[in-house]
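Chemist: I have a structure I would like to understand better, so I am pasting it below and will then ask my questions one at a time.
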Amino acid sequence: MQTGFRFSLTPVKEPLGFVKVVEWLTAVLAFGTCGGYTGRNVVSIFCGGSSNDTLSAIFTYPFRLNQELLVESNTTLCNRTVPATHLVGDSSSSVEFFVAVAILAFLYSMVALLVYLGYMHVYRDSDFGPMFDFVLTAVFAFLWLVCSSAWARGLQTVKDATSAAGIESTLALCTDRNVRCEVTDYASMRSLNISVVRNYTNQSSVFFSLLFCSTRLHLFDQKYSKIMKYYYNLKLFSI
């Protein structure tokens with residue numbers, strides 16, 4: 001069996017290779033839409049007759065909101081001295097897990113595509129290749145499911161903490177009489193929403209790839225079952 005590199009684009013035209021390309025692209029978009037994100041909500045404080053004030057609720061990746069300063073210490077708002085106040089919540093574990101899985105899926109997809117495009121003749125002639133691909137695909141299907149659910153919940157935590165209701169519950173001043181707090185300018189979270197949607201799309205690709213791999217393994221089992229049956233019948237005939 002020759003094991004040299006033989007470049008061919010034919011596997012990409014097949015379901016197994018095409019799905020790996022989709023997985024590679026969605027993995028890139030998954031961590032690309034989250035890493036480096038910075039959002040800013042403008043909070044307007046209406047003091048009821050006196051001059052109004054404005055705050056900026058800034059939150060960045062990895063969304064450790066409890067470390068994001070909303071009001072600096074001894075700030076005067078609505079003629080009241082307000083102590084240092086931070087946003088509430090911490091979504092760092094979920095988004096970092098999400099990005100880590102995306103990076104690992106990106107690397108795995110690149111290696112898999114290299115094997116498909118250059119070593120498909122070795123992949124098809126061995127038992128180890130399809131089995132190893134099947135196991136890794138199953139592992140990533142599970143990881144995508146877990147991390148996407150965790151990040152969807154973490155993203156909702158970010159939205160709740162930076163909403164008008166979240167700011168009112170965080171800033172004690174907003175509960176005072178004749179003081180009203182509103183978020184008058186919301187940061188765009190389109191890229192974060194897309195990361196969650198794309199991740200569920202990637203799960204579909206992974207499950208399709210898993211199904212295709214299992215079909216290939218089934219064909220391998222059938223092939224070797226026929227071979228064993230042939231040799232068994234041959235042995236009986238020789239006796």
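Chemist: E68's amide H: which non-local residues (gap 5+, or another chain) put their own amide H closer than 5 Å, with H modeled 1.01 Å from N in plane and none for Pro or chain starts?
Modeler: L87
Chemist: I would also like to ask the following. What shape does segment 17-108 have by the C-alpha gyration tensor, where a ≥ b ≥ c are the square roots of the eigenvalues, rounded means a/c under 1.5, and otherwise prolate means a/b greater than b/c and oblate the rest?
Modeler: Prolate.
Chemist: So which trypsin sites (Lys or Arg not before Pro) in segment 1-90 pass both tests, a DSSP loop state and at most 14 other Cβ atoms within 10 Å of the Cβ?
Modeler: In loop regions of segment 1-90 (DSSP not H, G, I, E or B), the sparsely surrounded trypsin sites (Lys or Arg not before Pro) are R6.
Chemist: Turning to a different aspect of this structure: Taking θ = phi - 60°, what integer Hz values does the Karplus form 6.51 cos²θ - 1.76 cosθ + 1.60 yield along segment 147-153, in sequence order, with x for Gly and Pro?
Modeler: 5, 5, 5, 5, 6, 4, 5
Every read-out reported here was derived from the displayed coordinates using simple, explicitly stated rules and does not represent laboratory data. Bear in mind that the values here come from a model prediction, so they are computed numbers and not experimental data. As a convention, Cβ positions derive from the backbone with ideal geometry for all residues, glycine included, and neighbour counts pool all protein chains shown.
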